[in-house]
Amino acid sequence: MSAAGQELVVRVDRTRCVGTGACTWTAPEDLELGPDGRARPLRPVSDDRPGLTEAAEMCPVEAITVLSAASGEVVAPL
Ligand code: SF4
């Protein structure tokens, strides 16, 4: 699903993250691995980038949720 033009909020369930790092390659502006080896968001509000929703879709443990900043609606994964 396209999220064109929206401001987005990314959340990471760090209790689920297994530290593959895949999301940090797909969405390097928005996600990084923290010192504990688990992903964390880099900014409170993100602009619309295909890589961000892709990261949420591809996370093997569904630890990433991308929401519309305006409505709170889940944009990815769907
Ligand atoms: S893709 Fe998922 S499991 Fe892998 S580092 Fe990112 S949040 Fe963690």
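The values are calculated or read from the model by the stated rules, or taken from the named source; none is laboratory data. Here the structure is a predicted model, which is why all the values come from computation and not from measurement. Heads up, the Cβs are rebuilt from the backbone with ideal geometry, glycines too, and the neighbour counts pull from every protein chain shown. The accessibility values were calculated without ligands, DNA or RNA, using every heavy atom of the protein model including side chains. Shrake-Rupley method; radii C 1.70, N 1.55, O 1.52, S 1.80 Å.
For region 15-36, the set of residues classified as of a type outside the set (A, V, I, L, M) and open to solvent by 50 Å² or more (accessible area, probe 1.4 Å) consists of THR15, ARG16, THR20, TRP25, PRO28, GLU29, GLU32, PRO35, ASP36, listed by residue number.
Of ALA39, ALA56, ALA76, all but one fail to be open to solvent by less than 40 Å² (accessible area, probe 1.4 Å), within 16 Å of the ligand (Cβ to nearest atom) and touching a Leu at 6+ places or on another chain (Cβ under 7 Å); the exception is ALA39. Selection over region 44-78 of residues that are of a type in the set (D, E, K, R), modelled with pLDDT of 95 or more and part of a loop (DSSP other than H, G, I, E, B) gives a count of 2. If the condition is being within 11 Å of the ligand (Cβ to nearest atom) and open to solvent by less than 80 Å² (accessible area, probe 1.4 Å), then region 1-13 contributes VAL10, VAL12, ASP13. Residue check: PRO50 meets all listed conditions (1) within 14 Å of the ligand (Cβ to nearest atom); (2) open to solvent by 80 Å² or more (accessible area, probe 1.4 Å) but one, namely (1).
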